[in-house]
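Below: the structure, in structure tokens.
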Amino acid sequence: MQVLEEMNMKEVFANIKLSKAVKGLSEHNPVMTQRFGADPYALVYDGRVYLYMTGDKPMYDADGKLLENTYSNINTICVVS
């Protein structure tokens, strides 16, 4: 891993320009798009990264309409490596 000097950091980030995010503020899921997961935590073991997060699932009403997720049905943990 390369360590950058503090004085060099301004140079490293000098040409970065902000752009519009792909997802809106209400569409949170920064780790992956094919699975819901909140509160990610990474562990490194034997040179490999393991990412642990809650196993969230979409919530539906009795008619099958998608509801706003309250995360009350989380009962699993997902591990990605």
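Structural remarks
- Tyr50, Tyr41 arranged by Cβ crowding within 10 Å, fewest neighbours leading: Tyr41, Tyr50
- Residues listed by number, the range 64-81, amide nitrogen under 17 Å from Tyr50 label point at 7 Å toward C-beta: 76-81
- Cβ-based exposure ranking for Met9, Met32, in which fewest neighbours within 10 Å come first: Met9, Met32
- Value of [θ]222 nm, deg cm²/dmol, for the chain, DSSP H segments ≥ 4, -39500 (n - 2.57) each, nearest 500: -2500 deg cm²/dmol
- Kirkwood hydrodynamic radius of the chain, Cα pairs, Å: 16.4
- In the range 6-80, taking the dipole from charged Cβ atoms about the Cα centre, the farthest positive-side position among Thr76, Ile16, Val44 is held by Ile16.
Every number here is computed from the coordinates shown, using simple stated rules; none is lab data. Computed from a predicted model, the values in this text were never measured in an experiment. Glycine gets a Cβ as well: all are built from the backbone with ideal geometry, and neighbour counts include every protein chain shown.
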